Amino acid sequence: MGKNRIGHTALVDGEQTTLHSHPGGGNGAVVKAGAITTDGNGIGSVMFATPFPDTNYAISFACDGLVDDIIATWSSKTINGFDVRTNDDGGKAEGSTVVNWIATPYSNL
């Protein structure tokens, strides 16, 4: 390659990033994030617009609690999403809670 060439168009034009061999490419990994408000029983479901290829992803939460310490947990993780439950620090269901979430594929890079 000459000095002014940086790579094949398919690798650098922004349309195909899964061909890269450095961190950030190569496995098609996409981080997903959003917010959900749980119902009155502290239950909600997150559905991804685009599924992950498998369930090898981590989930992390941050809750908007004004008075109680709120604990969010997940269950029923699939390639399409997961369920969320919120409880106060005493274990009682904490309804109508905004839960900010992020899901990212596991990686050892």
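Only the coordinates and a few stated rules stand behind these numbers; no lab work does. What you see is a predicted model, and the numbers here were worked out from it, not measured in a lab.
Here region 31-105 is treated as an ellipsoid with the same Cα gyration tensor; its semi-axes, largest first and in whole Å, are 23, 11, 10.
The H on the amide N of Thr97, modeled in the peptide plane, is under 5 Å from the matching H of Thr38, each at least 5 residues off or on a different chain.
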